[in-house]
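Student: Once you've had a glance at the structure underneath, I'll fire off some questions.
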Amino acid sequence: MAEHRTMQRSALLDAARTLLSEGGTEALTFPALAERTGLARSSVYEYFRSRAAVVEELCTVDFPVWAAEIEAAMEQAAAPEGKVEAYVRRQLALVGDQRHRAVVAISASELDVGAREKIRAAHGALIAMIVEALEALGQEQPRLAAMLLQGLVDAAVRRIELGAAEDPRAIADAAVEMVLRGVRG
């Protein structure tokens, strides 16, 4: 029974990722989740009390996976500049990943406090990953530099997701160049 519930919960999360990445937050409705999974709408409520609860669960499940991928890419680099480049490139490479698109599609303003807090904590963990490399590069305010660097990454993510005229590789190259020029001072 517990295994069956786990499978249904997993199917609901997969459906939520698909709905979010295809149609944004408006597409994530309980009727749509029920339709995608073949469950009754009342069954969806047995797993999640609200859309925000679905989003919170997605953050809890998916974010550690991306964070591990980013961290693994950074560990491949020996020098701090290489770690910074890996941090930027890996995040931008994840843009096409449905798990990433799903959470990016979520507007924090319509989430409850718990879901917003989860997203904030997840972003805090990303920032913490890069602070050490920025310290090694001589940044006097590495945490501030990390937050600004992440802002540039977020802007590049949005540019790629918009299907901008530039090739995603060109966007990644430009972002890396700007970040490295900025962190070298």
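The values are calculated or read from the model by the stated rules, or taken from the named source; none is laboratory data. Keep in mind that what you see is a predicted model, and the values were worked out from it rather than measured. Positions of Cβ are generated from backbone atoms using ideal geometry, with glycine treated the same way; all protein chains shown enter the neighbour counts. These accessible areas exclude ligands, DNA and RNA; they are computed on the full protein's heavy atoms, side chains included. Shrake-Rupley method; radii C 1.70, N 1.55, O 1.52, S 1.80 Å.
Student: Can you name every residue in the range 10-28 that is β-branched (Val, Ile, Thr) and either in contact with a helix residue (DSSP H, G or I) (Cβ under 6 Å, 6 or more places away or on another chain) or farther than 16 Å from residue 50 by Cβ (or both)? Break it down stepwise before answering.
Tutor: So the first thing to find is which residues in the range 10-28 are β-branched (Val, Ile, Thr), and the list is 18, 25.
18, the sole residue that qualifies.
Student: Okay, next question. I'd like the residue in the range 24-35 that is without any contact (Cβ under 8 Å) to a residue 24 or more places away in the chain and in a helix (DSSP H, G or I) and, out of all such residues, is most open to solvent (accessible area, probe 1.4 Å).
Tutor: Of the range 24-35, the ones without any contact (Cβ under 8 Å) to a residue 24 or more places away in the chain are 26-27, 29-35.
Of the ones still in play, those that are also in a helix (DSSP H, G or I) are 26-27, 30-35.
Values: 26: 139, 27: 28, 30: 14, 31: 61, 32: 22, 33: 1, 34: 9, 35: 157 Å².
Top of the filtered list is 35.
Student: Can you find, within the range 161-177, the residue that is nearest to the chain's Cα centre (by Cα) among those that are open to solvent by 70 Å² or more (accessible area, probe 1.4 Å) and at pLDDT 95 or above?
Tutor: Taking the candidates together, the pick is 173.
Student: Could you grab me the full set of residues in the range 60-94 that are hydroxyl-bearing (Ser, Thr, Tyr) and open to solvent by less than 60 Å² (accessible area, probe 1.4 Å)?
Tutor: 87
Student: Applying the selection to the range 126-149, what residues are out of contact with any Pro (no Cβ under 9 Å at 6 or more places or on another chain), assigned to a helix (DSSP H, G or I), surrounded by fewer than 20 Cβ atoms within 10 Å (Cβ to Cβ) and without any contact (Cβ under 8 Å) to a residue 40 or more places away in the chain?
Tutor: Scanning the range 126-149 gives 127, 128, 143, 144, 147, 148.
Student: Only one of these is modelled with pLDDT of 90 or more, under 19 Å from residue 122 (Cβ atoms) and either part of a helix (DSSP H, G or I) or not small (Gly, Ala, Ser) (or both): 87, 45. Name it.
Tutor: Working: 45 fails: under 19 Å from residue 122 (Cβ atoms).
So the residue among 87, 45 that is modelled with pLDDT of 90 or more, under 19 Å from residue 122 (Cβ atoms) and either part of a helix (DSSP H, G or I) or not small (Gly, Ala, Ser) (or both) is 87.
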